[in-house]
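Report on one structure; see the data block that follows.
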Amino acid sequence: QVQVAESGGGLVQAGGSLRLSCAASGSFSRVNTMGWYRQAPGKQRELVASITTGGSTNYADSVKGRFTISRDNAKNTVDLPMNSLNAEDTAVYYCAADVLRISYTVFVRYWGQGTQVTVSS
């Protein structure tokens, strides 16, 4: 079993900050890329930010300079401090982890249940 658990999120005023955290746990050999996605009402899920075990990062253009992703490989956790939030950041945020389970030969993406971020203008 693999679990991906998110924490953080909530309601904040425009210009404010929030911090999202995520942890992957369970029976697995390795965790590769971890990242955050978001889905706003009526829109497709989109990548917010991702980070590899080597520290390479990828960001959506809309969050560059405002969000910074980081991870702790030993703990299989990833954090996403979000600054200068605006109404367009309102969405459900999902954590994703690419996991190699024990006795498996391919990585499988596991998702958290999502956490709501609401930015009031």
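Brief remarks follow.
- The range 78-121 - Rg (one decimal) and Dmax (whole number), Cα, Å: 14.9, 49
- Size of electric dipole in the range 6-66: Cβ of Lys, Arg +1 and of Asp, Glu -1, about Cα centre, debye, nearest 20: 40
- With Cα atoms defining each centre, the range 27-57 and the range 68-102 are spaced 6 Å apart in the structure.
- The chain, dipole about Cα centre (Lys/Arg Cβ +1, Asp/Glu Cβ -1), debye to the nearest 20: 200
- Derived scalar couplings ³J(HN,Hα) [the range 79-88; Karplus, 6.51 cos²θ - 1.76 cosθ + 1.60; whole Hz; x for Gly, Pro]: 10, 9, x, 10, 10, 6, 5, 10, 4, 5
- Normalised per residue, the accessible area of the chain is 53 Å², obtained with a 1.4 Å probe and no contribution from ligands, DNA or RNA.
- Computed with a 1.4 Å probe over protein heavy atoms only, the accessible area of Trp36 comes to about 0 Å².
- Sequence-distant contacts, meaning Cα pairs under 8 Å at least 6 residues apart, place the relative contact order of the chain at 36 percent.
- Atom-type composition of the exposed protein surface of the range 7-121 places 46 percent of the accessible area on carbon and sulfur (1.4 angstrom probe).
- Distance cut-off 19 Å, percentage of C-alpha pairs in the chain lying past it: 43
- The local environment of Arg30, defined by Cβ-Cβ distances under 15 Å, has a net charge of +2 under the rule Lys, Arg +1 and Asp, Glu -1.
The values are calculated or read from the model by the stated rules, or taken from the named source; none is laboratory data. Note that the structure is a prediction, hence the values are computed from the model and not measured. In this analysis, Cβ positions are derived from the backbone assuming ideal geometry, glycine residues included, and neighbour counts consider all displayed protein chains. Accessible surface is based on the protein model in full, side chains and every heavy atom, while ligands, DNA and RNA are left aside. Shrake-Rupley method; radii C 1.70, N 1.55, O 1.52, S 1.80 Å.
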